Each structure stands twice: as structure tokens, then as C-alpha cells.
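A.B. asks: The structure under discussion is supplied below as C-alpha cells; questions concerning it will follow.
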Amino acid sequence: MSIMEIVGRFHPLLVHLPIGILVLAIAFEWLSGYQRYQILKPAITTIISLGAITALFSCITGYLLSQNGEYDGDTVSWHQWLGISVTLLSFLYVWIRSKSELAAKVFSVVVLVLLSITGHLGGSLTHGEDYLTEGLFTNNESMNVASIDDQTKMYADLVQPILESKCYTCHNASKQKGKLRLDAPEHIQKGGKNGTVLVAHKVDESEMIDRLLLPLDQDEHMPPKEKKQLSSVEVEILKRWIASGASFDQTVGELKLTNNLKDILQSHNTPNVSEVPIDDVGKADESIINKLRMLEVMVVPVSQESRYLSVNLINTTNIDSALVMMQELKEQIVWLNASSTSISDVNLKLVGALTNLSRLHLNNTKLSGEGLVSLKPLINLRYLNLSNTNVTGKALMSLASLTSLTSLHVYNTAVQESEIDAIQKAFLNARIEWKNYVVPMLPTDTVRVMLPYR
Amino acid sequence: MKEGQRQKINQAEYLQNLENITRRHFLWESASGLGALALGSLFGSCSPLDRKPDSFLSTNPLAVKPPHFIPKAKSVIYLHMAGAPSQLEMFDFKPDLQKLDGQDCPASLLDGKKFAFIRGVPKMLGPQASFQQYGESRAWVSEHLPHFSTAVDEVTFLKAVQTDQFNHGPAQLLMHTGSARLGRPSMGAWVTYGLGSENQNLPGFVVLTSGGKNPDAGKSVWGSGFLPSVYQGVQCRSEGDPVLFLKDPKDVDRNLRKASIDAINEINHLNYQKSGDPEILSRMAQYEMAFKMQISVPEVMDIHDEPQYIHDMYGTKPGRASLANNILLARKLVEKGVRFVQVFDWGWDSHGTDSDLAIDIGHINKCRSVDKAMTALIFDLKQRGLLEETLVVWGGEFGRTPMQENREGKKNPFKGRDHHTEAFTMWMAGGGIKKGFTHGETDAIGYSSISGKVTPYDVQATILHQLGFDHEKLTYQFQGRPFRLTDVAGKVIHEVIG
């Protein structure tokens, strides 16, 4: 790195000086109009001069920084020229002040406006174009199982949104870190300062993927560790894209990846059994736990490190009382297994009050689904097993507000095949397991080989 | 009362109790024990104080207990093909081996190696099956597993498992107890010791066997070793009485039975208060459980009530002892809250010494006997929403050689392969394991691993990990040191965890 480059790197530090100083000067300018603040007046010219000088230094360091080739495009040149204008105008401002106070007041507004725009553009350069607004409009919900079908475009619908949200800030037209742009197919193919970053069909040889998989604390890891990281699903999708030839126009149907991608989304989106809330919870009341144990209810922390509880009702003959007692542990109970019990639709009211539940087994029971609507308050529910019950599609739809549901099991219920589409639409994030898998009878299943095969 | 305080009092009580252990107690214990097992538990019971206070939460040794961290899997079905299936005719496709078929085995593969039966210079034996790639994961599967080829996208293959035991008994022990020698608790025993049982009316650890023979290593592969004996596997049968010696004696009704068990346990309890010996608790728990099991086990072990389409799926016929029936039972048991089901099937030892043990005859029949049922198991667990919390493991105790066996230097009457320790295939599915994934690779002829080598300890560590255990911390104090399943080895195979 040359000395010039190092000087350039002081730009982000220096820019804050003219911004602060000039804003202060402008504030004094307007305040000093009031009787009370008149004593500020003599300081103003000195402050503006100071601001102008630091602005000059910012311009110089900024210019040096832009020379490293990582910044390019409109934003940079606007930022550059506006910066220079602000500097010149501040010097002009000092001169105008010595002429007319009124003119100075008007002029100060012009400086303030230009200063703000310059500062904003500079911010966009370092933090990304949508830095300000990204919190407002997150469009990252595009990925769920239901949104994938044969027509989904591999690049445009799946890959590009990932690059856009995780890489564009540093690898786009205005900011080309590592001399790499990722914001259009031709740039992606061209690669960065070390050549190509992607080899079609060869995930292992693609620098892009390599960098994602590096340990977080290595400098080459992408995105750099202080930035938002890719989820494992996103990494998987980029891998599949490259493995399937890194095509920019094919659909997932053409690539024969539809089911595979659905599975990836599910397997990563579906919570394993392990979903429990992150926040801590108070200690459960031991005496209630002991009372429940007297009813042969299994109550146990989900792990030795956790105060959240898992409950299994399989051995109890007194589900009603158990559910009543469990209300006092409603903060702690996150998993409830009532499969193969005599639990009834009426009981579901009390189940619905256990609002921290994330996993609920109601499979292998006599439930008709009438009471299902009582589960509506379970907004944290991720896994719901209703297989081998008499639950109907209609009853199920009454739970459509449970958007956190990622795994829904209705195998061998009264739910009709014709209703599945509507149900999937209602539970967009859920993987719905409903069909009977068949393992067909093959002639070889029952025939014994007696002589050497072939 | 504060926890610490309580513990202190317990300790004082315990010391008091130690004084009560008399010579007479010793004789009583020795006499009631059965050989090594009892002696083991006697030693085990000498130092309950060193044990972590939470290993026995209550007086019920089978009460549910939390794992170290939040688990991905809640139960395990372990399908063990005893005798060792041939990876080369099932999953590990080696076209180059075909080119060498019938040629002398190069000396480099034999130097310094020991085989169970191969002597001198054997011939190479090409794959006795054709292979194709299946699923999105493009996994290779042989023509002898037409059903399983449809399930490969649910499965992770471990293609380079390596063991160091080339005889069945020790190798099976190593696979299940973490030691090639007798005396260690089996994996299922460790798991029940660590987690207790979700369903107090069923054993936490059930063993099902088929193929006409128990594993070579005997019942030690599901024994409890030095752990309290409540944790040993309960062997159930799929025809006749599910559990032997469980029925009430003639003319004894259930009430009388209950009364007598209560009386016996009252005495046992007094005894326990005096001696503090956890083995007494074990015995009490076993009496209680046996009583409950009289009703619940025959119920769950009956596959008559499964609908016809399920029988069609698994290829099961109620009332017969078969591997398929056992696999269906395993699903039923897990569904009812059993933690660990170990299924053993004998008959995979395809040396080529007779037609049942020929790689191109009997071995194919064995493949057919497991293919449909193991495939059905995966899909049935999946449709019931249980696959994500049930870990299915499939494998043998070792693999089979790429060379044709020449027992005592002479040609065997049929095509066969000898025991092979360097590299063989296992698979896992569900329970938080990756779908459609392969870990490890063998060389061009399937002789040894070239990447992703794993050992039985690694497999054990991974199984425990999925259940929420740090395999290095699930320990039991015995003979003055903490023991664990993986002894001093084992690394969790993080590559296969989804």
C-alpha cells in the first residue's frame, strides 16, 4: 500500500470535521440574530474558516481514496464534485460575511443543503445505497417453499436477491471492493482483481463460494464479519446455482432442481426439534412440576442449560387436571406432546393458552378439529403434528393466522387432497406433510434368488 | 431446602449407610449377582458419591432427564445388519474393480494386513450388481435395492467408516459399546441412563432380533455393563410372547400380582434406605415396569392393528418373525415414546461358503429382505412427522473385501467376500442429519478411504450429539474413573449435521 493510499484512508475520519464545524457555524449564524446569543457573533467567521480548511483536507483525502479503483460510477463523481463545491462555497461564505449579514444568512442555507447531500452520498458509498431505507422495506420474505415452482428463475428470483441484499453494498457500480462487481451477469462472469470468482459446475473451484465458507474471523471471509451474514439456505442456493452451471436465464424446472430446492428451504427453514425462545425465562415452580409428576406427566427442561420445559402426557390418565396445572407453567412450557392420549377438542382451549409453545404433538388422537380454533393464540408455534386424527381442512384453515408455522403434519386426517393447495397458501412458510407415501410392490420383493444372479 | 444443604445431608446419610454395609451385605450382593454383570454393578455401586448429583434425579432411575443441550433427535432406530453386508454390492460403486475381476490381488494391498479367512494371494472380485444414480443427490445404489433408491434424498451416506476389529463379536461390541471387549454399557443403555424414558409403561431401550440368531457378541451388545441394570436393552419378540417371563404365573391374577410386587418393593425400599445401593432401585423399577409392561408391551408389539396399506408398504406379515416386522415395530415403539430401538438381523456374512452366504445369491436375498422395509420406515416416519425427531442409523460391524475370499488358500464354492475393516458404508437419516448427502469416499476399488474417514466412535459421538449430549460429558464413575461411551476417542461428524 502506498503512502498516498494510507492518506486516502483518513477520508472517512476527516469528513466528520467539516460537517460538524460547518453545521455549528450555521447554527451560530442564525442564533446570533437573537439578542441573547449576540455574543456568539464574533466567533462565526473563525469557525467557518476552520470548516473550510478541514473541508479542503477532506477533498484531498477523498480524491486519493477514490483512486484505489474500488469506487466508480455516478455516486462517486457526484459526491466528489459536491464535496469540492462545499469547500469552495465555505471559503466564499467567509468573504460574503464580511459584506452583508443578510446575504450570509441566505448563503448559509445553500451550504447546509449541499453539505447534507454530500454527506448522504458519502454514507451511501460506505454503507450501501439502501442503508437508510433497508430497515423500512425488507423484501427478504420472498423465499419460502410455496414460492418455488418449475417456473421460478434460478438467477433472477433466487440468486440475485441474495447478492443484492448481502453483497451489492460493496460490489456494485459505485463501490467495487476487490475490483469485483456482482450486480449484473456480465460483471459476475468477469470476476475481480484475482480473476474469475465462479466456475460453472465447480462449486469447489469458485472463489465466491470459497469465501462464503471461510471461517468468519478470516479477512477473506465474505461478507466481512461485521456485515449481515448469509443464512445456510442462501449459501446452499448459491452452491446449487453454480453446481447446476451458473445459468443466468434458466428456470429451476429446466435445471431439475425444483424439489431439491424445496427440500433445502424446508430442511433449513423447518425448525428441528430445537426451536426454543432465545430470551431467558423465570424458574418454573418446582411444586407444580412435582404435582404434575404425581399425575404421571413427564415434565423436563429441554436441556440442562435451559429453564424451558418439555411436557409429555402419554402416561397420564388425567389430562384435564394436568392441563389446568400446566397453566401455571405457561411461560416455561415450549414443547407439548399429547400424542397417543385421550386429549379431546375441549381440552384444546387450555392448550391454546400455553402461548410459548413451539412444538405441539396432537397426533394419534381422536381430535375432530372442532376445537382447533382455540390454538389460534399460539403465535410461536412452529411444529404442529395432527396426523392420524379426524381433523378437517376447514378446521385447519381457522389457524391460518399462525404464520410462524413451518412444519404441519396432517397425514391420515379428514383433510382432502383438493384442499391442500388452499392450505399451503394459508400457511406460506410451512412444509405440509399430508400424503401417503407408497412403497410399491415389486416382483423381486417376494422372489428368492436360488442360483447365482446373472 | 437449598440444593447444597440437601446434598450435604444426603452425604451424611450416605456415610452412615456405608457403615451399614456389612460382610453380610457383601455376601448377599455377590450371591444374588450373576457373574460379571452383577460384579460390575456391585463395583459400580461402591462410589455413588462421585456421581454427578443429577444422574439420579429421583428414586425412579427411568425418570426423564434433560440432555446437555437442546436435542435435534428424540429417539434412535439403529438397524444393524449383523454379519456385515457388502458395501460393494449395495452403495459403494466401483467400476474399476470390475476391470480387475479375476486378477491376482496386488501385493501392496496384502502386505502387513491380516484377514479373517483370506490366505495367500486372493483374486479380485468385481461388483456383483449393476448400479445407477438416483434422486437429486445422484447417489449410487445397486439394483438389489430398488426401493431404497427412491429414498436417497432423505439420507446421508457415510462411505468411509473404518473399524479396527475383523471378527464379528469384537466388532459388534465396538460398534455398540465403544469397546471391543466385554463389560461396557451399550449405546442404548447410555442413552436411557442419560435421558430416562418418556413412556413409563414401556422400556426406554428395546431390542428386536431376526435372522434366526442373536449377534455373535451375545446380549452384551445391548447390555448395561457397569451402569445400573435397568438401563439394559429389553429384548422383545415379534411372535409368541413379546417379552419372555413376563406373563403372570398360572392362577395368579393381576391384583394378586400387584399386591405381591408392592410388598416386595416395600421390603426393597427399606433395604435401599439402609444401604443406599442404587441397584436396589433398579430392581424395584424393573418389578414395576414388568408389571406395567404386561399390558402395554403386548399392545404395542401387536402389528395386527396396522392398516393393510402399512403392511403393503413395509412388506410385513403379522405373526411371523421377520426383519420387516421388526422394522415396523421399531416405528410403533418410537411413536409411543421409546428412546432407542436396536434392530439386529443376522445372516449378512457372505463369505461364499454356501449359497445362503454367496454374494450373488444369499446376499441378494438379504438385500431384498431389508430393502422395502427400511425404505418404508423412512417414508412412514416422514409422513407421520417423526423423521425430523427420529434418527435412523443403518450399518454392519464392518464391510467386505474387494477380493474374493479364498478360505485357507483354496477357492470357496461360491462367490464371497471376507471381512473388511478399512472402509465400509453406513447411512443415517432424520434426526437433524443432512438430506441427500454423502460423506467420505473410498479409492478406485473400495479398499480404503481417501477422504472423510470416520470410526465407530465418531458415529457414536454423532448419535449422542443429535440426542443433545456432549459425548465427552456423558460419563459414569466406575472403578475410580469416569467412563464414557466413546472412551477416549470420537469426534462428532459435523459435516453430516443439517
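The values are calculated or read from the model by the stated rules, or taken from the named source; none is laboratory data. Computed from a predicted model, the values in this text were never measured in an experiment. Cβ sites come from the backbone with ideal geometry, for glycine too, and all protein chains shown count toward neighbours. Protein only, heavy atoms only, side chains kept; ligands, DNA and RNA dropped before computing areas. Shrake-Rupley method; radii C 1.70, N 1.55, O 1.52, S 1.80 Å.
A.B. asks: Are any residues in the stretch A:201-253 outside any helix (DSSP H, G or I), among the acidic types (Asp, Glu) and free of Cβ contacts under 8 Å to residues at least 60 places away in the same chain, and if so, which ones? Walk me through how you get there before you give the answer.
C.D. replies: Narrowing the stretch A:201-253 to residues outside any helix (DSSP H, G or I): A:201-206, A:214-231, A:244-253.
Add one more test, that the residue is among the acidic types (Asp, Glu), and what stays is A:204-205, A:217, A:219-220, A:226, A:249.
Once the filter is applied, which keeps residues that are outside any helix (DSSP H, G or I), among the acidic types (Asp, Glu) and free of Cβ contacts under 8 Å to residues at least 60 places away in the same chain, the stretch A:201-253 yields A:ASP204, A:GLU205, A:ASP217, A:ASP219, A:GLU220, A:GLU226.
A.B. asks: Go through the stretch B:153-179 and give me each residue that's over 30 Å from B:TYR134 (Cα atoms) and either of a type in the set (Phe, Trp, Tyr) or open to solvent by less than 30 Å² (accessible area, probe 1.4 Å) (or both). If you could, list the steps in order and put the result at the bottom.
C.D. replies: Just the residues of the stretch B:153-179 that are over 30 Å from B:TYR134 (Cα atoms), to begin with: B:164-174, B:176-179.
Listed by number, the residues that qualify are B:PHE166, B:HIS168, B:GLY169, B:ALA171, B:GLN172, B:LEU173, B:LEU174, B:HIS176, B:THR177, B:GLY178, B:SER179.
A.B. asks: Still on this structure, please answer the following. Of all residues in the stretch A:1-20, how many are open to solvent by less than 30 Å² (accessible area, probe 1.4 Å) and either more than 24 Å from A:GLU70 (Cα to Cα) or not in a helix (DSSP H, G or I) (or both)?
C.D. replies: The number of residues fulfilling the criteria is 1.
A.B. asks: If you go through the stretch B:340-358, how many residues are more than 9 Å from chain A (Cβ to nearest Cβ) and either open to solvent by less than 10 Å² (accessible area, probe 1.4 Å) or among the polar types (S, T, N, Q) (or both)? Full working, then the answer.
C.D. replies: Taking the stretch B:340-358 and keeping what is more than 9 Å from chain A (Cβ to nearest Cβ), we get B:340-354, B:356-357.
Imposing the further condition that a residue be either open to solvent by less than 10 Å² (accessible area, probe 1.4 Å) or among the polar types (S, T, N, Q) (or both) reduces the set to B:340-345, B:348, B:350-353.
The qualifying residues number 11.
A.B. asks: Sort through B:SER229, B:SER260, B:SER220, B:SER210 and tell me the only one that's surrounded by 13 or more Cβ atoms within 10 Å (Cβ to Cβ), small (Gly, Ala, Ser) and not assigned by TED's automatic domain parsing to the domain that holds B:THR475. Before you say what the answer is, go through the steps one by one.
C.D. replies: On the way: B:SER229 fails: not assigned by TED's automatic domain parsing to the domain that holds B:THR475; B:SER220 fails: not assigned by TED's automatic domain parsing to the domain that holds B:THR475; B:SER210 fails: not assigned by TED's automatic domain parsing to the domain that holds B:THR475.
B:SER260 is the lone residue from the list that is surrounded by 13 or more Cβ atoms within 10 Å (Cβ to Cβ), small (Gly, Ala, Ser) and not assigned by TED's automatic domain parsing to the domain that holds B:THR475.
A.B. asks: Restricting to the stretch A:209-222, what's the tally of residues that are at pLDDT 85 or above and surrounded by fewer than 18 Cβ atoms within 10 Å (Cβ to Cβ)? Full working, then the answer.
C.D. replies: In the first step, residues of the stretch A:209-222 are kept if they are at pLDDT 85 or above; the result is A:209-212, A:220-222.
Now drop any that are not surrounded by fewer than 18 Cβ atoms within 10 Å (Cβ to Cβ), which leaves A:210-211, A:220-221.
Within the stretch A:209-222, residues that are at pLDDT 85 or above and surrounded by fewer than 18 Cβ atoms within 10 Å (Cβ to Cβ) number 4.
A.B. asks: In the same structural domain as A:ILE432 (by TED's automatic domain parsing), within 35 Å of the chain's Cα centre (by Cα) and at pLDDT below 90: does that describe A:VAL281?
C.D. replies: yes
A.B. asks: When the residues of the stretch B:476-498 are narrowed to those that are in contact with a strand residue (DSSP E or B) (Cβ under 7 Å, 6 or more places away or on another chain) and within 14 Å of another protein chain (Cβ to nearest Cβ), which ends up least open to solvent (accessible area, probe 1.4 Å)? Walk me through it before giving the result.
C.D. replies: Kept after step one, since they are in contact with a strand residue (DSSP E or B) (Cβ under 7 Å, 6 or more places away or on another chain), are these residues of the stretch B:476-498: B:476, B:482-484, B:493, B:495-498.
In the following step, the residues that additionally are within 14 Å of another protein chain (Cβ to nearest Cβ) were identified as B:495-498.
Values: B:GLU495: 93, B:VAL496: 0, B:ILE497: 23, B:GLY498: 56 Å².
Across the stretch B:476-498, the extreme among qualifying residues is B:VAL496.
A.B. asks: Continuing with this model, one more query. Got a number for residues in the stretch B:364-378 being under 18 Å from B:ALA129 (Cβ atoms) and either at the interface with another protein chain (Cβ under 9 Å from one of its Cβ atoms) or small (Gly, Ala, Ser) (or both)? Before you say what the answer is, go through the steps one by one.
C.D. replies: Narrowing the stretch B:364-378 to residues under 18 Å from B:ALA129 (Cβ atoms): B:364-372, B:374-375.
Among the residues that remain, those that are also either at the interface with another protein chain (Cβ under 9 Å from one of its Cβ atoms) or small (Gly, Ala, Ser) (or both) are: B:364-365, B:368-369, B:371-372, B:375.
The total comes to 7.
A.B. asks: In addition: Considering the stretch B:81-96 alone, what residues qualify as being under 32 Å from the mean Cα position of the chain (by Cα) and within 17 Å of B:GLN404 (Cβ to Cβ)? Full working, then the answer.
C.D. replies: First, the residues of the stretch B:81-96 that are under 32 Å from the mean Cα position of the chain (by Cα): B:81-94.
B:ALA84, B:PRO85, B:SER86, B:GLN87, B:LEU88, B:GLU89, B:ASP92, B:LYS94, listed by residue number.
A.B. asks: Quick check on my filter: what residues within the stretch B:404-431 are of a type outside the set (Ser, Thr, Tyr), assigned to a loop (DSSP other than H, G, I, E, B) and more than 16 Å from B:LYS366 (Cβ to Cβ)?
C.D. replies: Of all residues in the stretch B:404-431, those of a type outside the set (Ser, Thr, Tyr) come to B:404-420, B:422-424, B:426-431.
So of that shortlist, the ones also assigned to a loop (DSSP other than H, G, I, E, B) come out as B:405-406, B:408-416, B:422-423, B:430-431.
B:GLU405, B:ASN406, B:GLU408, B:GLY409, B:LYS410, B:LYS411, B:ASN412, B:PRO413, B:GLU422, B:ALA423, B:GLY430, B:GLY431 - these are the residues of the stretch B:404-431 that are of a type outside the set (Ser, Thr, Tyr), assigned to a loop (DSSP other than H, G, I, E, B) and more than 16 Å from B:LYS366 (Cβ to Cβ).
A.B. asks: Name every residue in the stretch A:381-399 that is open to solvent by less than 10 Å² (accessible area, probe 1.4 Å) and either outside the structural domain of A:ASN436 (by TED's automatic domain parsing) or touching a residue at least 40 places away in the same chain (Cβ under 8 Å) (or both), in order of residue number. Give the derivation first.
C.D. replies: Residues of the stretch A:381-399 open to solvent by less than 10 Å² (accessible area, probe 1.4 Å): A:381, A:383-387, A:389, A:391, A:393, A:396, A:399.
Within the stretch A:381-399, A:TYR383, A:ASN385, A:SER387 qualify.
A.B. asks: Take the stretch B:93-106 and flag every residue that is more than 14 Å from chain A (Cβ to nearest Cβ) and open to solvent by 10 Å² or more (accessible area, probe 1.4 Å). Show your work before the answer.
C.D. replies: Initially, the stretch B:93-106 is screened for residues more than 14 Å from chain A (Cβ to nearest Cβ), giving B:93-97, B:99-100, B:102-106.
Across the stretch B:93-106, the qualifying residues are B:PHE93, B:LYS94, B:PRO95, B:ASP96, B:LYS99, B:LEU100, B:GLY102, B:GLN103, B:ASP104, B:PRO106.
A.B. asks: Residues to consider are A:VAL233, A:VAL252; find the one that is modelled with pLDDT under 80, within 21 Å of A:ALA200 (Cα to Cα) and crowded, with 16+ Cβ neighbours inside 10 Å.
C.D. replies: Values: A:VAL252 fails: modelled with pLDDT under 80.
Answer to the selection: A:VAL233.
A.B. asks: Since A:TRP241 meets every condition but one in (1) more than 24 Å from A:ILE162 (Cβ to Cβ); (2) at pLDDT 90 or above; (3) out of contact with any strand residue (DSSP E or B) (no Cβ under 9 Å at 6 or more places or on another chain); (4) away from chain B (no Cβ under 11 Å), which condition does it not meet?
C.D. replies: Here A:TRP241 meets the rest and fails (1).
A.B. asks: Check the stretch B:119-140 and report whether any residue there is open to solvent by less than 20 Å² (accessible area, probe 1.4 Å) and in contact with a Phe, Trp or Tyr (Cβ under 6 Å, 6 or more places away or on another chain). Reasoning before the result, please.
C.D. replies: First, the residues of the stretch B:119-140 that are open to solvent by less than 20 Å² (accessible area, probe 1.4 Å): B:122, B:124-127, B:129, B:139.
So of that shortlist, the ones also in contact with a Phe, Trp or Tyr (Cβ under 6 Å, 6 or more places away or on another chain) come out as none.
No; the residues of the stretch B:119-140 include none that is open to solvent by less than 20 Å² (accessible area, probe 1.4 Å) and in contact with a Phe, Trp or Tyr (Cβ under 6 Å, 6 or more places away or on another chain).
A.B. asks: Which members of the stretch A:255-269 meet the condition of being at pLDDT 75 or above, of a type in the set (A, V, I, L, M, F, W, C) and not in a loop (DSSP other than H, G, I, E, B)?
C.D. replies: Correct list: A:LEU261 only.
A.B. asks: Among (1) more than 13 Å from chain A (Cβ to nearest Cβ); (2) in a helix (DSSP H, G or I); (3) free of Cβ contacts under 8 Å to residues at least 60 places away in the same chain, where does B:PRO318 come up short?
C.D. replies: Here B:PRO318 meets the rest and fails (2).
A.B. asks: Then there's this: Could you count how many residues in the stretch B:379-403 are at negative phi and either within 13 Å of chain A (Cβ to nearest Cβ) or in a helix (DSSP H, G or I) (or both)?
C.D. replies: Selection size over the stretch B:379-403: 12.
A.B. asks: Which residue, of B:PHE424, B:PHE437, is open to solvent by less than 40 Å² (accessible area, probe 1.4 Å) and hydrophobic (A, V, I, L, M, F, W, C)?
C.D. replies: From the options B:PHE424, B:PHE437, the qualifying one is B:PHE424.
A.B. asks: Oh, and also: What do you reckon, is B:ASP458 within 19 Å of B:GLY196 (Cβ to Cβ) and open to solvent by 10 Å² or more (accessible area, probe 1.4 Å)? So that I can check it myself, show each step before the final result.
C.D. replies: Details: within 19 Å of B:GLY196 (Cβ to Cβ): no; open to solvent by 10 Å² or more (accessible area, probe 1.4 Å): yes.
Criteria not met by B:ASP458.
A.B. asks: Return the residues of the stretch A:365-401 that are within 14 Å of another protein chain (Cβ to nearest Cβ) and either in contact with a strand residue (DSSP E or B) (Cβ under 9 Å, 6 or more places away or on another chain) or among the charged types (D, E, K, R) (or both); say none if nothing qualifies.
C.D. replies: Pass one, the stretch A:365-401, residues within 14 Å of another protein chain (Cβ to nearest Cβ): A:365, A:381-389, A:391.
Within the stretch A:365-401, A:LEU381, A:ARG382, A:TYR383, A:LEU384, A:ASN385, A:LEU386, A:SER387 meet the criteria.
A.B. asks: Let me ask something else. Here's a check for you: in the stretch A:176-192, which residue that is of a type in the set (D, E, K, R) and free of Cβ contacts under 8 Å to residues at least 60 places away in the same chain is farthest from A:LEU158 (Cα to Cα)? First the steps, then the outcome.
C.D. replies: If we filter the stretch A:176-192 for residues that are of a type in the set (D, E, K, R), which is where we start, we get A:177, A:179, A:181, A:183, A:186, A:190.
This time we only want the ones that are free of Cβ contacts under 8 Å to residues at least 60 places away in the same chain, so: A:181, A:183, A:186, A:190.
Values: A:ARG181: 18, A:ASP183: 14, A:GLU186: 18, A:LYS190: 21 Å.
It comes out as A:LYS190.
A.B. asks: Of everything in the stretch B:117-167, what is under 23 Å from B:MET374 (Cα atoms) and of a type in the set (Lys, Arg)? Give them in sequence order.
C.D. replies: Within the stretch B:117-167, B:ARG138, B:LYS159 qualify.
A.B. asks: Next up: I need the full set of residues from the stretch B:63-87 which are within 14 Å of chain A (Cβ to nearest Cβ) and within 28 Å of B:ASP345 (Cα to Cα), in order please. Quick ask: steps written out before the conclusion?
C.D. replies: Looking only at the stretch B:63-87, we keep the residues that are within 14 Å of chain A (Cβ to nearest Cβ), and these are B:63-76, B:86.
The answer is B:LYS72, B:ALA73, B:LYS74, B:SER75, B:VAL76, B:SER86.
A.B. asks: In the stretch A:70-110, which residues are touching a residue at least 40 places away in the same chain (Cβ under 8 Å), closer than 30 Å to A:LEU180 by Cα and loosely packed, with under 14 Cβ neighbours inside 10 Å?
C.D. replies: Residue satisfying the conditions is A:ASP74 alone.
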